[in-house]
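The values are calculated or read from the model by the stated rules, or taken from the named source; none is laboratory data. Small disclaimer: the values here were computed from a predicted structure and weren't measured. Positions of Cβ are backbone-derived with ideal geometry, glycine not excepted, and every protein chain shown enters the neighbour counts.
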Amino acid sequence: WSDWSPCSVTCGGGIQSRTLLCDGVICPGETNVTRNCSTELCEGTWADWSEYSPCSATCGEGIRIRSRNCTIPEYGGKPCPGNITDDGRQLEEATCNLSLCPSR
(Lines give C-alpha, C1' and ligand atoms only; values in the text may rest on other atoms or scores of the structure.)
Protein backbone atom coordinates (compact mmCIF):
# COMPACT_ATOMS: atom_id res chain seq x y z
CA TRP A 1 0.00 0.00 0.00
CA SER A 2 1.07 3.58 -0.62
CA ASP A 3 1.17 6.06 2.24
CA TRP A 4 -2.10 7.78 3.13
CA SER A 5 -2.61 11.02 1.22
CA PRO A 6 -2.85 14.27 3.20
CA CYS A 7 -6.34 14.90 4.56
CA SER A 8 -8.50 17.01 2.24
CA VAL A 9 -9.32 19.45 5.09
CA THR A 10 -7.76 20.38 8.45
CA CYS A 11 -11.03 20.09 10.42
CA GLY A 12 -14.71 19.38 9.93
CA GLY A 13 -14.32 15.99 8.27
CA GLY A 14 -12.23 15.13 5.23
CA ILE A 15 -11.03 12.16 3.21
CA GLN A 16 -7.65 10.44 2.83
CA SER A 17 -6.83 7.80 0.28
CA ARG A 18 -4.12 5.27 -0.45
CA THR A 19 -3.43 2.95 -3.35
CA LEU A 20 -2.54 -0.73 -3.53
CA LEU A 21 0.89 -1.17 -5.11
CA CYS A 22 2.19 -4.25 -6.89
CA ASP A 23 5.99 -4.28 -7.11
CA GLY A 24 6.07 -0.50 -6.61
CA VAL A 25 3.43 0.35 -9.25
CA ILE A 26 -0.35 0.73 -8.99
CA CYS A 27 -2.07 -2.64 -9.26
CA PRO A 28 -4.78 -3.14 -11.88
CA GLY A 29 -8.44 -3.04 -10.81
CA GLU A 30 -10.03 -1.42 -7.77
CA THR A 31 -6.97 -0.45 -5.76
CA ASN A 32 -7.95 2.80 -4.03
CA VAL A 33 -9.06 2.85 -0.37
CA THR A 34 -10.40 5.92 1.46
CA ARG A 35 -10.97 6.80 5.10
CA ASN A 36 -12.36 9.72 7.08
CA CYS A 37 -9.90 12.15 8.68
CA SER A 38 -9.80 15.46 10.59
CA THR A 39 -13.24 14.80 12.06
CA GLU A 40 -12.90 17.32 14.91
CA LEU A 41 -15.09 20.42 14.65
CA CYS A 42 -13.59 23.59 13.21
CA GLU A 43 -13.40 26.62 15.51
CA GLY A 44 -14.92 29.88 14.41
CA THR A 45 -12.61 32.76 13.56
CA TRP A 46 -12.94 36.41 14.48
CA ALA A 47 -13.41 39.00 11.73
CA ASP A 48 -11.58 42.33 11.96
CA TRP A 49 -12.74 44.85 14.57
CA SER A 50 -15.18 47.53 13.41
CA GLU A 51 -14.37 51.21 13.83
CA TYR A 52 -15.14 52.60 17.29
CA SER A 53 -18.54 54.22 17.76
CA PRO A 54 -18.63 57.95 18.53
CA CYS A 55 -17.86 58.81 22.14
CA SER A 56 -20.91 58.77 24.41
CA ALA A 57 -19.84 62.11 25.96
CA THR A 58 -18.51 65.36 24.52
CA CYS A 59 -16.54 66.14 27.67
CA GLY A 60 -15.66 64.27 30.79
CA GLU A 61 -15.42 60.53 30.59
CA GLY A 62 -17.40 58.70 27.92
CA ILE A 63 -17.37 55.29 26.33
CA ARG A 64 -16.89 54.18 22.76
CA ILE A 65 -17.57 50.67 21.55
CA ARG A 66 -16.37 48.52 18.69
CA SER A 67 -17.35 45.00 17.70
CA ARG A 68 -16.32 42.06 15.60
CA ASN A 69 -18.25 39.09 14.28
CA CYS A 70 -17.55 35.42 14.77
CA THR A 71 -17.45 33.50 11.53
CA ILE A 72 -18.71 30.08 12.51
CA PRO A 73 -17.48 27.53 10.01
CA GLU A 74 -19.47 24.84 8.26
CA TYR A 75 -20.03 21.35 9.65
CA GLY A 76 -21.47 22.56 12.96
CA GLY A 77 -18.23 24.25 13.99
CA LYS A 78 -17.40 25.57 17.43
CA PRO A 79 -18.03 29.22 18.29
CA CYS A 80 -15.13 31.63 18.57
CA PRO A 81 -13.32 31.69 21.91
CA GLY A 82 -14.05 34.55 24.30
CA ASN A 83 -17.14 36.47 25.39
CA ILE A 84 -19.81 36.55 22.70
CA THR A 85 -23.12 38.43 22.56
CA ASP A 86 -26.37 36.65 21.71
CA ASP A 87 -25.97 37.66 18.07
CA GLY A 88 -22.44 36.21 17.79
CA ARG A 89 -20.40 39.40 18.22
CA GLN A 90 -17.66 40.38 20.62
CA LEU A 91 -17.72 43.90 22.05
CA GLU A 92 -14.85 46.03 23.31
CA GLU A 93 -15.26 49.26 25.24
CA ALA A 94 -12.75 52.08 25.64
CA THR A 95 -12.89 55.35 27.55
CA CYS A 96 -12.79 58.59 25.56
CA ASN A 97 -12.95 62.42 25.81
CA LEU A 98 -11.24 62.73 29.15
CA SER A 99 -11.07 66.54 28.94
CA LEU A 100 -12.88 68.42 31.72
CA CYS A 101 -16.35 69.75 31.10
CA PRO A 102 -16.66 73.54 31.34
CA SER A 103 -17.93 74.73 34.70
CA ARG A 104 -21.29 76.51 34.78
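Based on what the data block shows, is Asn69 at pLDDT below 95 and loosely packed, with under 11 Cβ neighbours inside 10 Å?
Numbers: at pLDDT below 95: yes; loosely packed, with under 11 Cβ neighbours inside 10 Å: no.
Against the criterion (at pLDDT below 95 and loosely packed, with under 11 Cβ neighbours inside 10 Å), Asn69 does not qualify.
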Task: Answer residue from the range 72-93, given it is small (Gly, Ala, Ser) and surrounded by 12 or more Cβ atoms within 10 Å (Cβ to Cβ) and is modelled with the lowest pLDDT among those - done: Gly77
Task: Pairs, first without any contact (Cβ under 8 Å) to a residue 24 or more places away in the chain in the range 1-29, second surrounded by 13 or more Cβ atoms within 10 Å (Cβ to Cβ) and of a type in the set (D, E, K, R), C-beta under 8 Å, six or more apart - done: Ser2/Arg18; Asp3/Arg18; Ser5/Arg18
Task: Qualifying residues in the range 16-63 (those that are among the acidic types (Asp, Glu), in contact with a strand residue (DSSP E or B) (Cβ under 7 Å, 6 or more places away or on another chain) and not in a strand (DSSP E or B)) - the one farthest from Leu100 (Cα to Cα) - done: Asp48
- [ ] Can you give me the number of residues within the range 64-103 that are in a strand (DSSP E or B), hydrophobic (A, V, I, L, M, F, W, C) and farther than 21 Å from Leu41 by Cα?
- [x] 4
- [ ] For the range 41-66, name all the residues that are over 29 Å from Val9 (Cα atoms), modelled with pLDDT under 95 and among the β-branched types (Val, Ile, Thr).
- [x] Thr58
